[in-house]
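Down below is the structure, laid out as structure tokens.
The values are calculated or read from the model by the stated rules, or taken from the named source; none is laboratory data. Not measured: the values here are computed from a predicted model. Every residue, glycine among them, receives a Cβ derived from its backbone with ideal geometry; neighbour counts consider all protein chains shown.
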């Protein structure tokens, strides 16, 4: 009796479910016609990008041409240009070396339009050079950003091809560009050597981020160590996403660790 009742209830449930989905044996998932997958992957096409004369971000070249999307929409491949050849060219220039001094860090390279760069008059002193506007061209111009620890200032270098077209200190007083990867590595290396934390952090991954005394001057005392310098805050933790266990405040301008220790709070 119980078994018959169970089978009846099960059958009614299946029938109700089938009615809700418009029949168990004739469900239509889509009216879109199906096509077989290609036997091989399509070839990748590189889309060339260039800076427009009027400025703004890089845009596809001839993207509206008749053959732009021939054979289907291409896969866009954007590759980062290796900054090392640009750095070699820049750092061999006598004007650049004078601006950078003996101690400096490389921050970044970026492609810019020519009218965003300025030229320097070589007859003037390199640190107070007269700035002249160069005519706008469509040639590729790269701007390299450095931070000179010798002069405690950001340095901008522009190159057009293999020629240094301008070099100057950043005109913004107290400006601190974002930290570069080389600076991060340098700050972590200095922090690992500090006797206050050296025994505890050798096998821990390190992280570093720029602190900006000029920007946060209201939270700093003007005669406090590191004020106005290139200072990075370094932390060490067991895993990249875990809480910091140890810290260090590294002054790259002076090449020293200002303070270091164990992070307060639960570990």
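Listed values, structure above:
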read-out: Odd one out for residue 108 among (1) modelled with pLDDT under 50; (2) assigned to a strand (DSSP E or B); value: (1)
read-out: Within the stretch 227-243, tally of residues that are within 19 Å of residue 199 (Cα to Cα) and in contact (Cβ under 8 Å) with a residue 40 or more places away in the chain; value: 2
read-out: Selection status of residue 224, under 26 Å from the mean Cα position of the chain (by Cα), at pLDDT below 95 and assigned by TED's automatic domain parsing to the domain that holds residue 185; value: no
read-out: Evaluation of residue 163 against (1) surrounded by fewer than 18 Cβ atoms within 10 Å (Cβ to Cβ); (2) outside the structural domain of residue 89 (by TED's automatic domain parsing) (one fails), failing number; value: (2)
read-out: Given (1) touching a strand residue (DSSP E or B) at 6+ places or on another chain (Cβ under 7 Å); (2) modelled with pLDDT under 85, index of the condition residue 93 fails; value: (2)
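Conditions (1) modelled with pLDDT of 85 or more; (2) assigned to a helix (DSSP H, G or I); (3) on the phi < 0 side of the Ramachandran plot, marked per residue:
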{"position": "188", "(1), (2), (3)": "yes, yes, yes"}
{"position": "191", "(1), (2), (3)": "yes, yes, yes"}
{"position": "195", "(1), (2), (3)": "yes, no, yes"}
{"position": "229", "(1), (2), (3)": "yes, no, yes"}
{"position": "240", "(1), (2), (3)": "no, no, yes"}
{"position": "246", "(1), (2), (3)": "yes, no, yes"}
